[in-house]
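A short worksheet on the structure shown next.
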Amino acid sequence: MNTKNILILSIIFMTTMSYFLLPAFYNKDKIKSQLENQILDKYNLEVKLNESLRYGLFPIPHFYSRDVIINYKSDEIAKSNNVKILISINNFFSSDNLNIKSLKFKKTDFKINFLNFKFFINLLNSIQINDKIEFLNSKLFYLDQNDTLIFLTNISNLNYLYQKNFLQKLNSKFNIFNIPI
């Protein structure tokens, strides 16, 4: 290889890496607010991201945060240990035009009762084309009106997605009373 080819390849590599690393330099408070609003608008899901919002490049560009609170009708119903907000690789040049591709919540503890159980149904109804929400390695604590635990279930996988033919779908693997469902 001659010097000209190496120079051209290095310029292409540096330009590509600069493009993908651009969100790492955005104003974190502004991005945090924008992501919370976009999640609320797009998924009808009210989240409170932690102050330590970070950017990751691999395997695909994403923001992630720890200790994220999920609210439903002004009540805290879940706390997630780790949330990945996967973003589209389009429009990186403007922080105002970031587009969320999907959400991944890991180790989420749901505290659900009769009054807020509709959270899961409303979340399913809000899924649109190309939307996807995943809850991995989570727990659901079902409480009565006195906040007494009725049952606990481990949720290995809870996926909300939109399929062809205008079908919103919920896939899940979990145990109730140690019976896999």
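The values are calculated or read from the model by the stated rules, or taken from the named source; none is laboratory data. All of these numbers come straight from a predicted model, not from anything done at the bench. Here the Cβ is made from the backbone with ideal geometry for all residues, glycine too, and neighbour counts use every protein chain on show. Protein only, heavy atoms only, side chains kept; ligands, DNA and RNA dropped before computing areas. Shrake-Rupley method; radii C 1.70, N 1.55, O 1.52, S 1.80 Å.
Points worth noting:
- Rounded accessible area of residue 36 (nearest 10 Å², 1.4 Å probe): 30 Å²
- For Kirkwood radius over Cα pairs in Å, calculated from these coordinates, the label among (i) 21.9; (ii) 18.1; (iii) 21.1: (ii)
- Taking amide H atoms as placed 1.01 Å from N in the peptide plane, the amide H of residue 72 lies under 5 Å from those of 77, each 5 or more residues away in sequence or on another chain.
- ³J(HN,Hα), Karplus 6.51/-1.76/1.60, whole Hz, each residue of segment 156-163, x for Gly, Pro: 5, 7, 9, 10, 9, 8, 10, 9
- Here the chain carries DSSP beta bridges of which approximately 85% are antiparallel, counting only pairs with both residues inside.
- Comparing 87, 60, 112 in a Gaussian network model of the chain, where Cα atoms under 10 Å apart are tied by springs, the biggest mean-square fluctuation is seen for 60.
- Span-rule helices in the chain, defined as complete DSSP H runs reaching 24 Å or more along the axis (Cα) with Kyte mean at least 1.0: 3-21
- 3J(HN,Hα) along segment 60-66, derived from phi through the Karplus expression 6.51 cos²θ - 1.76 cosθ + 1.60 where θ = phi - 60°, amounts to 9, x, 7, 9, 9, 8, 10 Hz, with x in place of Gly and Pro.
- Per-residue ellipticity at 222 nm, computed for the chain from helices alone with -39500 (n - 2.57) per DSSP H run of at least four residues, works out to -8000 deg cm²/dmol.
- Here the contact order of segment 34-97, divided by its residue count and restricted to Cα pairs under 8 Å and six or more residues apart, works out to 25 percent.
- Counting only protein heavy atoms and a 1.4 Å probe, segment 29-181 has 58 square angstrom of accessible area per residue.
- Student exercise, segment 1-112 dipole from Lys, Arg, Asp, Glu Cβ charges, in Debye to nearest 20: 340 debye
- The apolar share of the surface of the chain, taken as the fraction of accessible area on carbon and sulfur atoms (1.4 Å probe, ligands and nucleic acids excluded), comes to 55 percent.
- The chain: most fluctuating residue of 156, 33, 74 per GNM, C-alpha cutoff 10 Å: 74
- Peptides 114-121, 64-71 ordered by average Cβ neighbours within 10 Å, highest first: 64-71, 114-121
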